[in-house]
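Report on the following structure.
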Amino acid sequence: MKLKTLIADDEPLARERLRYLLSTDEEIEVLAECRNGKEVIAALKDNPVDLLFLDIEMPGANGFNVIEEVGSAHMPLTVFVTAHNQYAVKAFEIHALDYLTKPVEPERLQASVSRVKERIASKAALMTHDQLKSLLTSLEGGTPKQQSYIKRLLVPNGNKESFINVDDIEWIEAADYYCCLHVGAKNLMLRETIKQLAATLDPKGFVRIHRSIIVNVDQVREILRDGKGESYTVLAGGQRLKMSKAGWQSLLALGRS
């Protein structure tokens, strides 16, 4: 299966060079080219693609504006392409798969495309694994086995991806379509909503104490209630986190179990 690809750049020569370099890969199919951010937004809404090579500085709406308008959860795998490397940090903060500087070199582009294929293959393997588990459950009479929860997370960290042990996470904070993982002195962004992430965590170890906060139960030192009826969780590291009434009840119920 070919990867449906979109090239977005306001410079005709840059688009031509990228299309030429990609033409040597039989697994890549360039469906369209866009000259500005508005064209990219319209193209993504009309014809979803697997891969987007996105220039940052374009007239009308830049690359970051495109992601804001389309929504990060609805973006294809994105590789930023720009002549200015000062955007690198911001690009990886919003989970771009890679970052290429102009003029794009063939070897660097090949490495980037390889990363794209690896990411897609890993997602396909995960889907196949889940489908097989579902099939086995149905063949065994429809009785689901005890749910298993994730032990590690693969989290973007600068220009690399790091495995984080779930038990090392002290607390989690919602940030729109992302979650901020607080691990010691590190704050790592994961492209998942807090609802999606909560469903993969062991509820005996992690409790959602607020609509935007999940805490590692082992990190909870005490619970505070002030005279205004508000509740707070204090973690071992000293963080004081606001807690809803439902979150307070969930945490107390876990303590009694």
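The values are calculated or read from the model by the stated rules, or taken from the named source; none is laboratory data. Remember, predicted model here, so these are calculated numbers, not experimental data. Ligands, DNA and RNA are stripped out before the accessible areas are found, and what is left, the full protein with its side chains, is counted by its heavy atoms. Shrake-Rupley method; radii C 1.70, N 1.55, O 1.52, S 1.80 Å.
Using θ = phi - 60° and the Karplus curve 6.51 cos²θ - 1.76 cosθ + 1.60, what whole-Hz ³J(HN,Hα) does each residue of region 191-196 get, with Gly and Pro shown as x?
7, 8, 6, 5, 5, 5
Round to the nearest 10 and report in Å² the accessible area of SER162, as given by a 1.4 Å probe over the protein chains' heavy atoms.
Here the accessible area works out near 20 Å².
So between ASP176 and LYS195, what do we pick up on full extension, going 0.36 nm a residue minus the alpha carbon distance?
Details: separation 19, 0.36 × 19 = 6.84 nm, distance 1.09 nm.
Fully extending the segment from ASP176 to LYS195 adds 5.8 nm.
For region 151-257, I need the span (max minus min coordinate) of the C-alpha atoms along each principal axis, in Å, sorted largest to smallest.
Principal-axis extents of the Cα atoms in region 151-257, largest first: 47, 25, 24 Å.
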